[in-house]
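Structure first, commentary second.
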Amino acid sequence: MIDTTLPLTDIHRHLDGNIRPQTILELGRQYNISLPAQSLETLIPHVQVIANEPDLVSFLTKLDWGVKVLASLDACRRVAFENIEDAARNGLHYVELRFSPGYMAMAHQLPVAGVVEAVIDGVREGCRTFGVQAKLIGIMSRTFGEAACQQELEAFLAHRDQITALDLAGDELGFPGSLFLSHFNRARDAGWHITVHAGEAAGPESIWQAIRELGAERIGHGVKAIEDRALMDFLAEQQIGIESCLTSNIQTSTVADLAAHPLKTFLEHGIRASINTDDPGVQGVDIIHEYTVAAPAAGLSREQIRQAQINGLEMAFLSAEEKRALREKVAAKQQKWMVLIAPSPFHARHKVARCLADSMPSSINSITWIA
């Protein structure tokens, strides 16, 4: 249930969590890196979640094979480009890709600043090629400690005009936001937006800390906000968005099942919450699945799903003018399709519609369209 008159966005999507299994296989062969399997079919269980993981940290280990094959800056550039290609195939109009250059650099001791530059180059070329609009969010991987995060921050600051926001991700329980106050002070001084992974593994106090101490304008996941009514009130009143990732929260065992996910309650409470993927390559899902399968299973009505789609653009780190332009671009494309279809008799309209559907990315041909 996707409203095709509205922009489709994914604003919580990890670039380094969306490395194709086929690319892992090819890069492993190219750089003579030993992999746990030598065919795509047998590799999948090692790089994608097959059954729900017991916790967030276990889930994150699934990402490791993707970055272990990043043996050169060219490899980093390739996966960045492919991320945009995947976004286009999914029918996304706008995507915010977040990435941890320290994590991507670690296996082969690549220069962290070089990884940032390679990702920027790959995303830029992908946007030119596929017509998707994208912005980059820099992640500091808290799991590796304050010094490693400082190195990542310096690499982002060297390319500050190409970075839109700063994020903190990784082991939320072991490395609380209080360790990174100075990092976020510098990010705000650079004029960046702030989003923080919080309330995923830790409780609502982690979300309060992200807002009050780190200056978060958006919260990644934020599921534990459901445990604090005052926090939910604050999020709604201050329009601090929650970047919900439905399937991911089940796979990490953050939430028991989709029926228990708090997204529906957040929307009913007036919180600006959106639907996103998280790590689609590792999860084996895409944004279409999240809207058409996960969201209904989480109890969202058609109107709530539409509101979440609206929220995705409202929450995006875009200027008011950029949002307006994107709305107009999508509306104009929709109007063009309607003009093509409207004058024809029914059988001709059906034929034109079928042609239009055939021209769309294969992954969105089966969507329940709302015109």
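Points to keep in mind about this one:
- Based on Cα contacts under 8 Å between residues 6+ apart, segment 2-321 shows a relative contact order of 21 percent.
- Euclidean distance of C-alpha centroids, segment 168-185 and segment 219-273, integer Å: 20
- Net length gained if the chain between ARG160 and ARG229 were fully extended (0.36 nm per residue, minus Cα distance): 21.2 nm
- Inter-probe distance in nm under a simple model that places probes 7 Å from Cα toward Cβ, at GLU237 and ASP74: 5.7
- Cα-based convex hull, segment 1-101, per residue volume (Å³, whole number): 126
- The chain pair-distance distribution - Cα-Cα, 10 Å bins, rounded %: 5, 25, 35, 25, 9, 2, 0
- Here the Karplus curve 6.51 cos²θ - 1.76 cosθ + 1.60, taken at θ = phi - 60°, turns the phi angles of segment 303-320 into couplings of 5, 5, 5, 4, 5, 5, 5, 4, 4, x, 6, 4, 7, 4, 7, 10, 6, 4 Hz, with x standing for Gly and Pro.
- Computed lengthening from ASP171 to GLU321, 0.36 nm per intervening residue step minus Cα-Cα distance: 50.4 nm
- Calculated from backbone phi, Karplus (6.51, -1.76, 1.60) coupling profile of segment 112-119 in Hz, x at Gly/Pro: 4, 5, x, 5, 4, 5, 5, 5
- Choice from ASN90, ASN276, ASN32 showing the highest fluctuation, given a GNM over the chain with Cα pairs closer than 10 Å: ASN32
- Rounded FRET efficiency, nearest 0.05, which uses the C-beta distance separating GLN38 from ALA332 and R0 of 35 Å: 0.15
- Likely footprinting exposure, TRP208, TRP192, fewest C-beta neighbours within 10 Å first: TRP208, TRP192
- Separation in nanometres of the label points that stand 7 Å from Cα toward Cβ, at ALA297 and GLN22: 2.5
- Length added when fully stretched, PHE130-ALA51, from 0.36 nm per residue minus Cα-Cα: 25.1 nm
- Only helices enter this figure: runs of n ≥ 4 DSSP H residues, each worth -39500 (n - 2.57), summed and divided by the residues of the chain, yield -14000 deg cm²/dmol at 222 nm to the nearest 500.
- Zone residues, segment 78-111, relative to GLN150, backbone N less than 14 Å from point 7 Å out along Cα-to-Cβ: none
- Inter-label distance, GLN30 to ARG186: 3.2 nm, where each label sits 7 Å from its Cα along the C-beta direction.
- Translational diffusion coefficient (Stokes-Einstein; Kirkwood radius from C-alpha pairs) of segment 194-334 at 4 °C, 1.567 mPa s, in µm²/s: 85
- The count of lysine pairs in the chain with alpha-carbon distances below 26 Å, taking only pairs 8 or more places apart or on different chains, stands at 13.
We did not get these values from a lab; they are worked out from the coordinates using the rules stated. Here the structure is a predicted model, which is why all the values come from computation and not from measurement. Positions of Cβ are backbone-derived with ideal geometry, glycine not excepted, and every protein chain shown enters the neighbour counts.
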